[in-house]
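Laboratory data are not the source of any read-out in this text; all were calculated from the coordinates shown. Not measured: the values here are computed from a predicted model. Methodologically, a virtual Cβ is constructed for each residue, glycine included, from the backbone with ideal geometry; neighbour enumeration extends over all protein chains shown.
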Amino acid sequence: MVRSEYGARQTTLAIADWKIQLRELLRSSKQKFAIIGIGHPLRGDDYVGSLILKLLIRNLKRIPQNVQLFDAENNVESTISKLAKTKPNNIIFIDACEMDIEPGGTRLIPASATEYPFFTTHGIPLKLLCERMLPESDCWILAIQPRRMEFSDNQSPEVHQVALMISEKLSKLLVEATN
């Protein structure tokens, strides 16, 4: 989980805004994309990014050639060496993010707009990973506001519903991008 100053500074945006941003990003060209789901399976809503990636992989009949999908769970660092070798133009991390908005609220934000938190559920903050290890890639975070992060293998209902909706929408956007 990361913390974003982006969500708190913005007025309340409709959930459709991230969909429009993401559609434009995926359609921008036939550039190489990587989508990485992040989340600890025993930290409640923190697991949302990993769950979305699992659902996305299950829902897609065919993964576009220019897209790489990684389910990093709570070890995002393990995917960085793979990303550094393939050098995708755009990297989209899907992660729980404290934005001081309603639980399940979703934003697509540049990784550079996040803060280095004192505590994170992954070892190295995404902003630092992007700056140091992936300087040639544009890094984004599809951020979902968690309700609870305590030790649990259950997600809050609103975050789980958003995870289902996002995985379905991403599936559709990736199919559109290949046509």
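What number comes out for the charge environment of A34, summing +1 per Lys or Arg and -1 per Asp or Glu over other residues with Cβ under 10 Å away? Walk me through the numbers before you get to the answer.
On the way: positive: K32, K82, K87; negative: none.
It works out to a net charge of +3.
If the only charges are +1 at each Lys and Arg Cβ and -1 at each Asp and Glu Cβ, what is the size of the charge dipole of region 2-178 around the Cα centre, to the nearest 20 debye? Mind dumping the intermediate values first?
Values: 22 positive and 21 negative charges, 171 e Å.
Computed about the Cα centre, the dipole is about 820 debye.
Name the aspartates and glutamates eligible as straight-distance cross-link partners of K61: C-alpha to C-alpha under 18 Å, and not fewer than 8 places from it in the same chain.
Here the aspartates and glutamates satisfying the reach criterion relative to K61 are D71, E168, E176.
What size of dipole, in debye to the nearest 20, comes out for region 68-109 about its Cα centre when the only charges are +1 on Lys and Arg C-beta atoms and -1 on Asp and Glu C-beta atoms? Let's see the in-between values first.
Details: 4 positive and 7 negative charges, 90 e Å.
Dipole magnitude for region 68-109 comes out near 440 debye.
Mind checking which aspartates and glutamates have their C-alpha under 13 Å from K87, skipping anything on the same chain fewer than 8 residues away?
E136, D138
Going by a ≥ b ≥ c, the root eigenvalues of the Cα gyration tensor, does region 2-178 fall in the rounded group (a/c under 1.5), the prolate group (a/b larger than b/c) or the oblate group?
rounded
Sort 71-82, 155-166, 135-146 for me by packing, meaning the mean count of neighbouring Cβ atoms within 10 Å per residue, highest on top.
Values: 71-82: 16.5, 155-166: 18.5, 135-146: 22.3.
Listed from highest to lowest mean packing, they are 135-146, 155-166, 71-82.
Would you kindly derive the ³J(HN,Hα) couplings of region 65-80 from the backbone phi angles with the Karplus curve 6.51 cos²θ - 1.76 cosθ + 1.60 (θ = phi - 60°), listing them in order in whole Hz, with x for Gly and Pro?
4, 8, 10, 10, 10, 10, 9, 7, 6, 9, 10, 4, 4, 5, 8, 4
Identify, among F93, V76, I57, the residue whose Cα sits farthest towards the positive end of the charge dipole of region 49-104, taking +1 on the Cβ of Lys and Arg and -1 on the Cβ of Asp and Glu, with the dipole about the Cα centre.
The Cα lying farthest towards the positive end belongs to I57.
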